[in-house]
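Asker: I'd like to ask some things about the structure below.
The values are calculated or read from the model by the stated rules, or taken from the named source; none is laboratory data. Because the structure is predicted, anything quoted here is derived from the model rather than measured. All Cβ positions, glycine included, derive from the backbone under ideal geometry; neighbour counts span all protein chains shown. These area figures cover heavy atoms from the full protein model, side chains too; ligands, DNA and RNA do not enter into them. Shrake-Rupley method; radii C 1.70, N 1.55, O 1.52, S 1.80 Å.
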Amino acid sequence: KLHQEVKAYNDVKHFETTYVVKMHAHRVLSKPQDTWTFDHPNHDSPIDNSRYSVHRFPITRSTCLTGFAGYFDAKLYGDVHISIHPETFSTGMFSWFPLLIPIRTPMYLPAGCEVEAHIWRRVED
């Protein structure tokens with residue numbers, strides 16, 4: 001449904017936007033993978049929080065891909081931990097939802113294939 005709503009804007013901008021959503025009608029195609037880690041405070045010199053990563057997702061059953069889900073898992077301090085990751089979900093996290101990263105053109109994925117995703121976090125002055 002959300003993919004159709006984004007497509008209705010008929011522009012690239014909305015496909016290059018992430019959306020915070022409560023996922024109802026979705027199919028998990030592959031196990032979530034860690035993307036980046038940020039440490040606070042960041043004592044690097046110079047501080048650079050830009051990131052790049054490549055992920056490969058094995059697909060076990062045929063389906064149509066319309067986007068990717070993003071989760072967070074954070075160790076705040078000591079033993080204080082919050083997460084919306086499906087495997088480490090914090091009880092009571094009812095107001096934080098996954099991130100949806102839509103793709104412009106839905107893709108048919110046959111069983112046994114692999115999806116490769118390149119993800120950037122760019123930082124500009």
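Asker: Can you pull out the residues in region 1-25 that are in a loop (DSSP other than H, G, I, E, B) and open to solvent by 100 Å² or more (accessible area, probe 1.4 Å)?
Answerer: Of everything in region 1-25, those that are in a loop (DSSP other than H, G, I, E, B) and open to solvent by 100 Å² or more (accessible area, probe 1.4 Å) turn out to be K1, Y9, N10, K22, H24, A25.
Asker: Among residues belonging to region 102-125 that are among the β-branched types (V, I, T) and at pLDDT 90 or above, point out the one that is most open to solvent (accessible area, probe 1.4 Å).
Answerer: T105
Asker: Counting only residues that are touching a Leu at 6+ places or on another chain (Cβ under 6 Å), give me the strands (runs of 3 or more DSSP E) lying completely in region 39-125 with at least 2 of them.
Answerer: Of the strands (runs of 3 or more DSSP E) lying wholly inside region 39-125, those with at least 2 residues that are touching a Leu at 6+ places or on another chain (Cβ under 6 Å) span 63-70, 99-109.
Asker: Can you pull out every residue in region 46-86 that is closer than 19 Å to V28 by Cβ and over 15 Å from the mean Cα position of the chain (by Cα)?
Answerer: Within region 46-86, P58, I59, T60, R61, S62, T63, C64 meet the criteria.
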